[in-house]
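Scroll down for the structure; my scribbles are underneath it.
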Amino acid sequence: MSFINKNISAIKITVFTTLGILFAGGDIQAQSIITLKEATELALKNNLQIKQAEFSEALTAEDLKQSQFALYPTLNGSSNLNFNFGRSIDPLTNQFVNQAVTSTNGNLFAGVTLFQGFQLMNQISQNKYALEADKSNTQRIKNDLLLSVVTTYLQVLNSRDMLTASKQQLGISQQQLDREQIFYDEGEKTLADISQAKAQVATAELNVTNAQNAQDLNYLNLAQLLELDPSVPFKVEVPSIEDVKIENAVYSAPEIYKTALTNYPEIKLAEYRRMVFEKAVDVAKGNYYPRLTLQTGLGSGFSNGRMQAVDRVADGTNSPIGFVQSTNEVVVTPNYSTTFEKTPFRTQIDENYNQSIGFNLSIPLFNGFSARSSVRRAKVNLRNSEVSEQLAKNNLNKVVNQAVYDLKAAERRLNSATSAFESSKEAFNVIQQRYDVGLVNSLDYNQAQTNLNRAEFDLIQAKYDLIFRNKVIDYYLGNPISF
């Protein structure tokens, strides 16, 4: 009867201890819950590096438009207004005048490049590749960010489960200490047994503290990735993962590498940058060729110094203009009085209207080897980009092989951790039953509990490690990263 009463008391203590842990771990204030999908959307929306990459992409798009508009003719106008005082030359009549003259003229010029060594077309192609490179760079930043969010999200879930398991182990340890205290008070246990139970509780409390710190740090890292205020608490939604064992026999590193070559942003970025430098060589070679341009112009002008006759009347007088050879008779002509007025603006514009058209041919003969130097620099940049592209491919091959190896290792680790946990759980149950009837001392019991705790922690970490390794494979395959 004494033994039954002791167990009833221990059960009561266990119930109250467990309830205390649950209430202590509960959140009094309601907190927002963020799903993985919402987390990725927030990261893509708020991340400043993505915004910078998009700004760079927009600038490159403008460069492309400008290079395309360079094929169109140019059209420019000019106008000037002059005020001359005293003796000066009328700019429209080229006559000396001794008066204040106000003159103006306007011109319209158009020009188009007919041939420039295909530089304009090559520049358009170069800017197209540059735009695709910037798009690939933006996608690379997004993919890297998504992988970081998923990684941190899984770390939060991992630390959450570790904290839950640590609190449960603390409850068990506290229960054991309470039982030991009851037996000690009745003289059935020694002080060494109490000390062992207290040490087990202290270790469990340390595990809870470490797990809580890890969870807080992971939440902080996730908030920073999402550009959220770390002072505003939130929770993450626990995804439904029914089967974490993943059949990875179908995963082949060469096949994954082959697929990644076609969609991995790092590779696309390196390829487009190499294409940019290829076109840069063609643009530089255009400096070897002549340049032919067509230019046309329209113009007219007005001067208030220009006069025109409006009336002519004989004044009744004559002026001699010569003699008749046979009679020496004077030959005269009547004199006229002429009335002048300023030529109207519209009339001058019509009369001064002029047109021009011409071709300009520029042939490079010698310019300090500048064309040759620009071509050589462009070729060096091209070779450097080719090396960078190959380095990117080599690095991708390495990380893909590493990812496949890590996935297989994670699956083996989970299988081992599952077996170890089941074995530790069975061993602990046996030890506990023997301990309850006094066949095992507290030292062996505490060691069995410690082994069970360690096996459970290893199992939790192995489960999330396998999930993460599988998401890394999805990342290289270009699949959406989700649960």
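Each reported figure results from applying straightforward, stated rules to the coordinates on display, with no laboratory input. On a predicted model such as this, the values are computed, not experimentally measured, just so you know. Positions of Cβ are backbone-derived with ideal geometry, glycine not excepted, and every protein chain shown enters the neighbour counts.
So the values come out like this:
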{"item": "Within segment 385-403: backbone nitrogen closer than 15 Å to the L147 label point (7 Å, Cα to C-beta)", "result": "392-403"}
{"item": "For segment 397-440, size of Cβ-based charge dipole, Lys and Arg +1, Asp and Glu -1, in debye", "result": "220 debye"}
{"item": "For the chain, size of Cβ-based charge dipole, Lys and Arg +1, Asp and Glu -1, in debye", "result": "1540 debye"}
{"item": "Label-point gap, in nm, between N335 and F69 - each point 7 angstrom along Cα→Cβ", "result": "6.6 nm"}
{"item": "K198/K235 FRET efficiency (R0 41 Å; Cβ-Cβ; nearest 0.05)", "result": "0.75"}
{"item": "Shape box of segment 336-483 [Cα atoms, principal axes, largest first, Å]", "result": "151, 46, 26"}
{"item": "Sum of side-chain charges, Q52 neighbourhood, beta-carbon under 15 Å (Lys, Arg +1; Asp, Glu -1)", "result": "0"}
{"item": "The chain: calculated mean residue ellipticity at 222 nm from DSSP helix runs of at least 4, using -39500 (n - 2.57)", "result": "-22500 deg cm²/dmol"}
{"item": "Segment 254-405, relative contact order in percent, only Cα pairs under 8 angstrom and at least six apart counted", "result": "37 percent"}
{"item": "Label corresponding to P(r) over Cα pairs in 20 Å bins from 0, in percent when calculated from the structure given, among (1) 25, 60, 15, 0; (2) 15, 27, 20, 15, 11, 7, 4, 1, 0; (3) 22, 49, 25, 5, 0", "result": "(2)"}
{"item": "Segment 120-201: GluC sites (Glu not before Pro) in DSSP coil with no more than 11 other Cβ atoms inside 10 Å", "result": "E186"}
{"item": "Mean Kyte hydropathy of 0.0 or more with a Cα span along the axis of at least 18 Å, helices from DSSP in the chain", "result": "2-25"}
{"item": "Cα-based equivalent ellipsoid, segment 284-387: semi-axes from gyration tensor eigenvalues, Å", "result": "71, 21, 9"}
{"item": "The chain: antiparallel DSSP beta bridges as a percent of all, rounded to 5", "result": "95 percent"}
{"item": "Farthest positive-ward along segment 131-188 dipole, Cα basis, beta-carbon charges - from L131, Q168, Q155", "result": "L131"}
